[in-house]
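Asks: I am attaching a structure below and will ask some questions about it afterwards.
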Amino acid sequence: MTLLEADGLETIYGDPCGNCTAHTGDRAGTNQCPECGSVVACSDVSLDVESGEVLGIVGESGSGKSSVAELLALEASGDGHVDGEVSLDGHDGNLLDADYQTRHEIRTDEIGLVHQHIRDGLDLSFTGGGNVAEKLLAAGWRHFGDVRERVKELYAATEVPVERLDDPTDTYSGGMQRRVQIARALATDPEVIVLDEPTTGLDVSVQARVLDTFRQVQREQNVAAVVVSHDLSVVRLLADRTIVMRHGEVIETGLTDRIMEDPQEAYTQTLINSVI
Amino acid sequence: MTLLTVDSLDKTFDVHAMGDQRVVGLDGVSFTVAEGDFLAVVGESGSGKSSLLKCLYRTYEPDAGSITYHPTGDDLATCGDRTVMALRADEIGYASQFLDEIPRVPAVDVVARPLQEQGLAAEDAREQARELLGALDLPAQLWDAYPATFSGGERQRVNLAQAIAPKPRLLLLDEPTSALDPETRAAAIDLLATYLDEDTTVVGVFHNRDVVEQVADSVLELADAERVRHVSVAEYVGEVVA
């Protein structure tokens, strides 16, 4: 069953001249319009995610991965010119056009985003538990005991020591902060979560632990996920299917192991062969 | 009953970095596999054995031909990615030569995971995983350790145990005993014979002639990406003697 679907996603930064998408992309070899200088962050990106499925999005820096992630999570920055459609099972119409209240509710209850930069996702001066509880309060939880119980449950699931619950988040290690972010994203039992570069800034040993934790929770709760990463090994470990992006466009889509072992496009072959 | 019909399967690789050079992996390969059969795929290195297995699992996308999986009627060469995902979850297992697992998961949990995904309770799945690892002579003190630190032979045993654990209807094995010493290999062959029953059909790539003789019902021989012959194991072995 299709849960989340995107059709023709586009984000352009600058003052688009109308010909920007024709003059950019993989064929043009750039994502900056030669006529007006606008930057096409992503163009004509379509994808769908079924319930419980993990979709990977890979590509180098600037390929448009994070722009797609922001649109899917209904958290577009507001500076860009956005086009296209995002639809979620159970909701009518294009969610990119939905009013603020609807988008806010969906972000709270149904689509969780784990930001690339921890500071965008957590208030580090709050306690770790407070960061997670905030999400529950936004979703209408009112009983203090229930909230605390749920936060403890999420700490256990994401392997953050429960005894650190009331410590300020800036006293946590990077790996713990990332797991608190995942706990926060999972707090309201969303249908889908979007992870933007989940291993950024983490040591290799901590990366493995974060990925393992995420994969376990993802399978146990059967939550769908979109995992955005420049790191092929992250996507290889987590994703069922993978999309390869370059210069704002999707250039190849397929089963993750097929993309890794039998890449068809020249760029995908280069990308796979560049892994050290 | 036929389980798998492979018809005129072609696979070529376009290597863009080498001036769009084409490398032929499989050229018009056809054969059938009966239900419950154990088919050994043999041939020199580079003859296309692993390519064939990867096409059956759709890790490689075939260029032409068909692979009919009779229990569901799907053509594995052309069916959609979601169909492949569903078949991998319920019907078709694959073991590569090398263990490819997420770090920091103990060996016993690597093996137990597919069983849990089939619906077995966590502790029952672990119990069965321990039995399999024990049958493959993996020392008990390694069961709760992380395979990343294991030797090649130890990792291969974890890999094999994980692949056979859920008893898939079609099991694809890519040289599952290549890194094992003779004694451990004998244990592995024993386990294949005792743990798997007629409900599992196996297509396996093997280098070792003795292994083929012990496990296979029939033999598919490849050379230079083409089928040489598909014969019964008796005929394959008989010719060697003669």
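Asks: To the nearest 10 square angstrom, how much accessible area does A:Cys33 have with a 1.4 angstrom probe?
Replies: 0
Asks: Sticking with this structure for a sec: Take the alpha-carbon positions of the protein assembly as shown, form their convex hull, and give its projected area averaged over all directions (one quarter of the hull surface) in nm².
Replies: Working: hull surface 106.2 nm².
Convex hull of Cα atoms, orientation-averaged projection: 26.6 nm².
Asks: Work out how much length B:Asp224 to B:Glu35 would gain on full extension: take 0.36 nm times their residue separation and subtract the Cα-Cα distance, in nm to one decimal.
Replies: On the way: separation 189, 0.36 × 189 = 68.04 nm, distance 2.78 nm.
This chain segment gains 65.3 nm when fully extended.
Asks: Please figure out what share of the DSSP beta bridges in the protein assembly as shown is antiparallel and state it in percent, rounded to the nearest 5. Please list the in-between numbers first.
Replies: Details: 47 of 82 bridges.
Given both bridge residues lie in the protein assembly as shown, the antiparallel proportion sits at roughly 55 percent.
Asks: Roughly how much accessible area, to the nearest 100 Å², goes out of reach of solvent when B and A pair up, both sides summed, probe 1.4 Å? Don't skip to the answer; put the middle values down first.
Replies: Details: alone 11650 and 12770 Å², together 22360 Å².
Its buried surface, counting both partners, is about 2100 Å².
Asks: Once R0 is set to 35 Å, what does the formula 1/(1 + (r/R0)^6) return for the Cβ-Cβ distance between A:Thr30 and A:Asp7, expressed as a FRET efficiency to the nearest 0.05? Present the calculation step by step, with values, prior to reporting the outcome.
Replies: Values: r = 24 Å, r/R0 = 0.69.
So, using R0 = 35 Å, E works out to roughly 0.90.
Asks: At a 1.4 Å probe radius, carbon and sulfur cover how many percent of the accessible area of chain B? Don't jump to the answer; show the numbers that get you there.
Replies: On the way: 4930 of 10610 Å².
Looking at chain B in its full context, I get 47 percent from C and S.
Asks: Run the numbers on segment A:118-276 and let me know its relative contact order in percent, using alpha-carbon pairs under 8 Å that are six or more apart.
Replies: Details: 179 pairs, mean separation 28.0, N = 159.
Rounded, it is 18 percent for segment A:118-276.
Asks: Pull out a ≥ b ≥ c, the square roots of the eigenvalues of the alpha-carbon gyration tensor of segment B:112-215, then state rounded if a/c is under 1.5, prolate if not and a/b is larger than b/c, and oblate in the remaining case. Before the final figure, lay out each step's value.
Replies: Numbers: a/c = 1.92, a/b = 1.18, b/c = 1.63.
Oblate is the answer for segment B:112-215, as a/c is 1.5 or above yet b/c matches or exceeds a/b.
Asks: What do you get for GluC sites (Glu not before Pro) in segment A:38-140 restricted to DSSP loop and a cutoff of at most 12 other Cβ within 10 Å of the site's Cβ?
Replies: On the way: sites: A:Glu50, A:Glu53, A:Glu60, A:Glu70, A:Glu75, A:Glu85, A:Glu105, A:Glu110, A:Glu134; in loops: A:Glu53, A:Glu60, A:Glu75, A:Glu110.
Counting only loop positions with at most 12 other Cβ atoms within 10 Å, none of the GluC sites (Glu not before Pro) in segment A:38-140 qualifies.
Asks: Continuing with this model, one more query. Over segment B:157-208, what is the mean sequence separation of C-alpha contacts under 8 Å (at least six apart), divided by residue count, expressed as relative contact order in percent?
Replies: Reported relative contact order: 54 percent.
Asks: State the percentage of accessible surface on chain A attributable to carbon and sulfur atoms; use a 1.4 Å probe and exclude ligands, DNA and RNA.
Replies: Working: 5070 of 11750 Å².
Carbon and sulfur together cover 43 percent of it.
Asks: What 222 nm value per residue comes from the helices of chain A, counting each DSSP H run with n ≥ 4 as -39,500 (n - 2.57) and dividing by all residues, nearest 500 deg cm²/dmol?
Replies: Values: 10 runs with 99 residues, N = 276.
Theoretical 222 nm ellipticity from helices: -10500 deg cm²/dmol.
Asks: Taking a probe of 1.4 Å, how large is the accessible area per residue of chain B, in Å²? Before the final figure, lay out each step's value.
Replies: On the way: 10610 Å² over 242 residues.
For chain B, the per-residue accessible area is 44 Å².
Asks: Ignoring ligands, DNA and RNA, what accessible area per residue does chain A give at 1.4 Å, in Å²? Provide the component values of the computation, followed by the final result.
Replies: Values: 11750 Å² over 276 residues.
Solvent-accessible surface per residue comes out at 43 Å².
Asks: Cysteines without a disulfide-compatible partner in the protein assembly as shown, using Cβ under 4.7 Å as the rule?
Replies: A:Cys42, B:Cys55, B:Cys79, each lacking another Cys Cβ under 4.7 Å.
Asks: Considering only segment B:87-242, what is the antiparallel percent among its DSSP beta bridges, to the nearest 5?
Replies: On the way: 6 of 15 bridges.
Roughly 40 percent of the beta bridges in segment B:87-242 run antiparallel, per DSSP.
Asks: OK, next. Within segment B:143-231, report the GluC sites (Glu not before Pro) that DSSP leaves as loop and that have at most 11 other Cβ atoms within 10 Å.
Replies: Working: sites: B:Glu154, B:Glu183, B:Glu198, B:Glu213, B:Glu221, B:Glu226; in loops: B:Glu198.
The qualifying sites are B:Glu198.
Asks: Moving to a separate point now. Between B:Gln141 and A:Arg119, with labels modelled 7 Å along Cα→Cβ, what's the label distance in nm to one decimal, could you check?
Replies: 4.9
Asks: Within chain A, what percent of beta bridges assigned by DSSP are antiparallel, to the nearest 5?
Replies: Of those bridges, close to 55 percent are antiparallel.
Asks: Name the GluC sites (Glu not before Pro) in segment B:1-93 that are in a loop by DSSP and that have at most 12 other C-beta atoms within 10 Å, would you?
Replies: Numbers: sites: B:Glu35, B:Glu44, B:Glu91; in loops: B:Glu35, B:Glu44, B:Glu91.
Qualifying residues, ordered by number: B:Glu44.
Asks: Let me ask something else. Counting only pairs 8 or more residues apart or on different chains, how many lysine pairs in the protein assembly as shown have their Cα atoms under 21 Å apart?
Replies: Numbers: A:Lys135/A:Lys152; B:Lys11/B:Lys49; B:Lys11/B:Lys54; B:Lys54/B:Lys167.
Number of lysine pairs found: 4.
Asks: Distance in nm between label sites at B:Ala193 and B:His70, each 7 Å beyond Cα in the beta-carbon direction?
Replies: Result: 2.6 nm between the two label points.
Asks: Something else about it: What residues in segment B:102-130 lose 10 Å² or more of accessible surface when the other protein chains are added to their chain alone (1.4 Å probe)?
Replies: The answer is B:Ile102, B:Pro103, B:Arg104, B:Val105, B:Arg113, B:Glu117 - residues whose exposure falls by at least 10 Å² when every protein chain is included.
Asks: Over chain A, what is the relative contact order in whole percent, taking alpha-carbon pairs under 8 Å and six or more residues apart? Don't jump to the answer; show the numbers that get you there.
Replies: Working: 538 pairs, mean separation 72.5, N = 276.
With pairs under 8 Å counted, the relative contact order is 26 percent.
Asks: For chain A, with a Gaussian network of springs between Cα atoms less than 10 Å apart, report the residue from A:Thr253, A:Thr11, A:Thr242 with the top mean-square fluctuation.
Replies: Largest GNM mean-square fluctuation: A:Thr253.
Asks: Given springs between every Cα pair under 10 Å in a Gaussian network model of chain B, which of B:Arg130, B:Arg229, B:Arg169 has the largest fluctuation?
Replies: The residue with the greatest mean-square fluctuation here is B:Arg229.
Asks: Rounded to the nearest 500 deg cm²/dmol, what is the calculated helix-only ellipticity per residue at 222 nm for chain B, with -39500 (n - 2.57) per DSSP H run of length n ≥ 4? Spell out each step's value before the answer.
Replies: Numbers: 8 runs with 87 residues, N = 242.
Computed ellipticity for chain B at 222 nm equals -11000 deg cm²/dmol.
Asks: Here's something else I'd like to know. For chain B, I need the span (max minus min coordinate) of the C-alpha atoms along each principal axis, in Å, sorted largest to smallest.
Replies: Taking max minus min along each principal axis of the Cα atoms, chain B gives 47, 47, 41 Å.
The values are calculated or read from the model by the stated rules, or taken from the named source; none is laboratory data. Just so we're clear, the structure is a prediction, and the values are computed from it rather than from any experiment. Every residue, glycine among them, receives a Cβ derived from its backbone with ideal geometry; neighbour counts consider all protein chains shown. Heads up: the accessible areas ignore ligands, DNA and RNA and are worked out on the full protein's heavy atoms, side chains in. Shrake-Rupley method; radii C 1.70, N 1.55, O 1.52, S 1.80 Å.
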